[in-house]
Amino acid sequence: MPVASADRWGKPMILDDIRIVDDRGRELPVGEIGEICGYSVGLMKGYYNDPAATEKAIWYGPDGRSYFRSGDLGRFDADGYLYICGRSKDIIKVGRHQTCSRRYRSRFCKPSGR
């Protein structure tokens with residue numbers, strides 16, 4: 001996805017840690033697009049009684065810290081701002097249901113005036 005179409009979201013908050021990783025789980029340098037993985041004291045550490053789902057949803061940093069794999073694609077710029085560039089998978093959870101993110105966006109994310 002072209003970087004020009006990315007949305008700038010800002011910088012991570014204090015105590016939050018965001019990493020960008022490739023499909024092999026390696027951290028990427030500034031400017032490269034990969035999956036956004038996040039850590040926060042209030043973020044889930046795993047799925048209750050479901051270690052298999054937890055293993056799919058968690059990326060472990062070099063220090064062993066667990067990060068949630070968002071499924072979103074993004075990059076950091078040289079000033080530390082995070083840009084959202086797309087999705088690595090097209091399935092999102094809405095309440096108890098899983099849906100195609102394109103279907104959800106087309107219904108609920110229409111530009112104003114249409």
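The values are calculated or read from the model by the stated rules, or taken from the named source; none is laboratory data. These numbers were taken from a predicted model, which means no experiment stands behind them. Glycine gets a Cβ as well: all are built from the backbone with ideal geometry, and neighbour counts include every protein chain shown.
Among the residues of region 3-15, is any in a loop (DSSP other than H, G, I, E, B), hydrophobic (A, V, I, L, M, F, W, C) and at pLDDT 90 or above? Scanning region 3-15 turns up no residue that is in a loop (DSSP other than H, G, I, E, B), hydrophobic (A, V, I, L, M, F, W, C) and at pLDDT 90 or above. Taking the criterion of being small (Gly, Ala, Ser) and out of contact with any Ser or Thr (no Cβ under 9 Å at 6 or more places or on another chain), the residues of region 16-64 that qualify are GLY25, GLY31, SER40, GLY42, ALA52, ALA53, ALA57, GLY61, GLY64. Across region 22-68, what is the total count of residues that are under 16 Å from ILE84 (Cα atoms), under 13 Å from the mean Cα position of the chain (by Cα) and touching a residue at least 40 places away in the same chain (Cβ under 8 Å)? Residues meeting the conditions: 4.
Name the residues in region 27-44 that are part of a loop (DSSP other than H, G, I, E, B) and surrounded by 10 or more Cβ atoms within 10 Å (Cβ to Cβ), would you? Hits for region 27-44 are LEU28, VAL30, GLY31, GLU32, ILE33, SER40, LEU43, MET44.
Does ILE84 count as under 18 Å from ARG8 (Cα atoms), among the β-branched types (Val, Ile, Thr) and modelled with pLDDT of 80 or more? Answer is yes for this residue. Among the residues of region 24-55, which ones are at pLDDT 90 or above and of a type in the set (D, E, K, R)? Those that are at pLDDT 90 or above and of a type in the set (D, E, K, R): ARG24, ARG26, GLU27, GLU32, GLU35, ASP50, GLU55.
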